[in-house]
Amino acid sequence: MHEALHWKADGETITCELCPRLCVLKDEQIGACGVRQVRDGKLYAMTYAKPCAIHVDPVEKKPLYHFYPGEPILSLATIGCNLFCDFCQNWQISKERYDDMFDQEEVSPEKIIQMTKDAGCRLIAFTYTEPTVYYEYMLDIAKLAKKEGMECVIVSNGYISEKPLKELIPYISAANIDMKGTKEFYKKRCKVPDYEFIRKTILTLKGAGVHVEMTNLIIPEENDSDEEIEKMAQWVAENVGKDTPLHFSAFHPDYKMMDTPHTPPATLMKARKIAAKHVDYIYLGNITGADNDTICPKCGELCIERPVYGGTSHLKNGECPKCGLEINGRFSGKGKK
């Protein structure tokens with residue numbers, strides 16, 4: 001067992017302070033995430049060094065489109081999540097609980113670093129489920145990675161408390177954060193009482209110099225109205241920056257929403273058109289045939305080609321090859337923060 005970080009004891013209970021849920025637990029009880037448990041007066045991270053998935057992906061699959069295009073990234077997760085989204089696309093692992101899981105082979109942080117080298121990667125992603133719930137494992141890997149000159153990214157719902165987030169930030173180069181919908185949508189479909197914590201996470205990451213991209217999963221009749229998409233794009237432009245890459249992704253029926261139809265490609269195309277009034281870089285996911293090339297917003301020059309996954313950059317030191325506009329992101333030869 002590995003003792004958890006960010007908790008406090010109060011008599012016979014322990015409060016987990018890792019995320020805004022602030023679970024209050026007695027001995028043997030497990031937090032809402034399903035993977036943090038009290039034992040003998042201490043809180044433990046029960047899935048430490050027990051990943052449920054390790055794969056090498058294109059970095060674009062995270063999705064990160066302005067972060068070293070075309071590079072492979074070692075991606076990993078443990079089970080668990082601190083949201084309860086009815087539409088979860090990875091529920092088979094995110095909704096597992098520690099007390100239901102099969103014994104997992106331990107893979108130490110040191111082993112993850114060696115696996116990254118053996119795979120010919122220099123990037124590591126904490127993804128698939130919610131990395132917040134395996135915080136200690138992620139942090140230890142990220143610290144080792146930084147010493148090795150590697151870079152780490154998170155693909156997250158953003159529901160994390162400020163103190164652990166700030167402790168993690170020095171070891172994270174990029175983040176893709178979900179922006180799922182309105183306050184009412186979060187309450188209804190994700191069981192989140194206050195989504196302002198997620199907005200705060202985005203702003204904290206951006207303010208600390210982490211490269212930020214954002215994803216919105218569009219679900220028919222749930223969060224697909226023109227007004228909602230416009231308001232979200234406006235918020236991104238005004239608070240995170242109009243040059244923030246914004247990804248609209250298509251929903252497919254899953255978990256508790258099997259009767260909800262697939263998102264029509266036309267809906268994503270329309271969302272792109274609406275958001276383009278406010279945001280420079282908009283990409284579409286989970287549909288075939290989408291044009292996801294990066295085009296210079298100033299002169300219209302092709303900057304990064306993306307046939308499907310992977311990417312070929314035509315940038316010169318992170319700038320448009322025609323007009324010299326600096327493109328927001330991290331690119332080989334640029335190393336921008």
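You will find that of Leu18, Leu5, Leu22, the residue that is over 20 Å from Phe126 (Cβ atoms), among the hydrophobic types (A, V, I, L, M, F, W, C), within 24 Å of the chain's Cα centre (by Cα) and part of a loop (DSSP other than H, G, I, E, B) is Leu22 and no other. Among residues of the stretch 280-309 that are under 12 Å from Met269 (Cα atoms), those with a beta-carbon under 7 Å from a residue that is crowded, with 19+ Cβ neighbours inside 10 Å and at pLDDT below 95 at least six positions away or on a different chain give the pairs Asn292/Arg306.
Consider the stretch 100-140. How many of its residues are part of a loop (DSSP other than H, G, I, E, B), over 19 Å from Ile79 (Cα atoms) and out of contact with any Leu (no Cβ under 6 Å at 6 or more places or on another chain)?
Keep residues of the stretch 100-140 that are part of a loop (DSSP other than H, G, I, E, B), which gives 101-108, 119-122, 127-130.
Filter once more, keeping what is over 19 Å from Ile79 (Cα atoms): 119-122.
Then keep just the ones that are out of contact with any Leu (no Cβ under 6 Å at 6 or more places or on another chain); that gives 120, 122.
So the answer is 2.
Might you check whether a residue that is in the same structural domain as Arg330 (by TED's automatic domain parsing) and either in contact with a Gly (Cβ under 8 Å, 6 or more places away or on another chain) or hydroxyl-bearing (Ser, Thr, Tyr) (or both) occurs anywhere in the stretch 295-307? Yes, the stretch 295-307 contains a residue that is in the same structural domain as Arg330 (by TED's automatic domain parsing) and either in contact with a Gly (Cβ under 8 Å, 6 or more places away or on another chain) or hydroxyl-bearing (Ser, Thr, Tyr) (or both). Of the residues making up the stretch 35-78, those that are free of Cβ contacts under 8 Å to residues at least 24 places away in the same chain and polar (S, T, N, Q) number 0. So in the stretch 323-337, with the set limited to residues that are within 20 Å of Asn292 (Cβ to Cβ) and either modelled with pLDDT of 90 or more or assigned by TED's automatic domain parsing to the domain that holds Asn176 (or both), which one is surrounded by the most Cβ atoms within 10 Å (Cβ to Cβ)? Top of the filtered list is Gly329.
The values are calculated or read from the model by the stated rules, or taken from the named source; none is laboratory data. Bear in mind that the values here come from a model prediction, so they are computed numbers and not experimental data. Every residue, glycine among them, receives a Cβ derived from its backbone with ideal geometry; neighbour counts consider all protein chains shown.
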